[in-house]
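Peer 1: Got a structure for you, questions after.
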Amino acid sequence: AFISPYRADRDGVRAMMAEGDFIEVFLDAPLEVCEARDPKGLYRMARAGEIPDFTGVSAPYETPRNPELVLPTGQGTVKECVDLIVAFLGDRGYLEHTAADMAGD
């Protein structure tokens, strides 16, 4: 796993991997949703200048151009996002079971 707010970093890691071995996942949530879900108050602290270089507030976030998977975390439920991940991995042969197989769980 690799997390970076910068495209160049993500592209650099992708370039080190064999074709198809890098899966870029974009957790698509508006900044307002991230702030509303922030139990530690980090966004509030960043806006007050207490945390420098905070992604999305005082430091940039560069949205992926062509991620393999987009999870609508700003509007989808956790279960919906998990189902998307399981289906994506199942469709590509990484899992033997798909979200439909696990629907009763």
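The values are calculated or read from the model by the stated rules, or taken from the named source; none is laboratory data. All of these numbers come straight from a predicted model, not from anything done at the bench. Cβ coordinates were reconstructed from backbone atoms using ideal geometry, including for glycine residues, and neighbour counts include every protein chain displayed. Quick note on the areas: whole protein, heavy atoms, side chains included, nothing else; ligands and nucleic acids left out. Shrake-Rupley method; radii C 1.70, N 1.55, O 1.52, S 1.80 Å.
Peer 1: Please report the accessible area of Met16 (heavy atoms, 1.4 Å probe, ligands and nucleic acids excluded) in Å², nearest 10.
Peer 2: Spelled out: Met16, probe radius 1.4 Å, area about 150 Å².
Peer 1: Report the full-extension gain for the segment Ile51 to Ala1: residue separation times 0.36 nm, less the Cα-Cα distance, to one decimal in nm.
Peer 2: Numbers: separation 50, 0.36 × 50 = 18.00 nm, distance 2.47 nm.
Using 0.36 nm per residue and subtracting the Cα-Cα distance, I get 15.5 nm.
Peer 1: Give the range of the longest stretch in the chain that excludes all trypsin sites (Lys or Arg not before Pro) found in loop regions by DSSP and having at most 15 other beta-carbon atoms within 10 Å. Spell out each step's value before the answer.
Peer 2: Numbers: sites that count: Arg37, Lys40, Arg65, Arg92.
Answer from the scan: 1-36.
Peer 1: With a cut-off of 8 Å between alpha carbons and a minimum separation of six or more residues, what is the relative contact order of the chain in percent?
Peer 2: Working: 85 pairs, mean separation 28.9, N = 105.
It rounds to 28 percent for the chain.
Peer 1: Looking at the stretch 1-57, which GluC sites (Glu not before Pro) are in a loop (DSSP not H, G, I, E or B) and have at most 15 other Cβ atoms within 10 Å? Each step should come with its number before you reach the end.
Peer 2: Details: sites: Glu19, Glu24, Glu32, Glu35, Glu50; in loops: Glu19, Glu24, Glu50.
Of the GluC sites (Glu not before Pro), the ones in loops of the stretch 1-57 whose Cβ has at most 15 other Cβ atoms within 10 Å are Glu19, Glu50.
Peer 1: Quick check: pseudo-label points 7 Å beyond the Cα along Cα→Cβ at Glu68 and Tyr94, how many nm apart are they?
Peer 2: It is 0.5 nm.
Peer 1: I'd like to know which of Pro60, Ile23, Pro72 lies farthest towards the positive end of the charge dipole of the chain, counting +1 on Cβ of Lys and Arg and -1 on Cβ of Asp and Glu.
Peer 2: Pro60
Peer 1: In addition: Could you list, bin by bin from short to long, the percent of Cα-Cα pairs of the chain in 10 Å steps?
Peer 2: 13, 35, 33, 16, 3
Peer 1: Read phi for every residue in the stretch 88-96 and hand back ³J(HN,Hα) as whole Hz from Karplus 6.51 cos²θ - 1.76 cosθ + 1.60, θ = phi - 60°, with x for Gly and Pro.
Peer 2: Using θ = phi - 60°, the values come out as 4, 5, x, 4, 9, x, 7, 10, 7 Hz.
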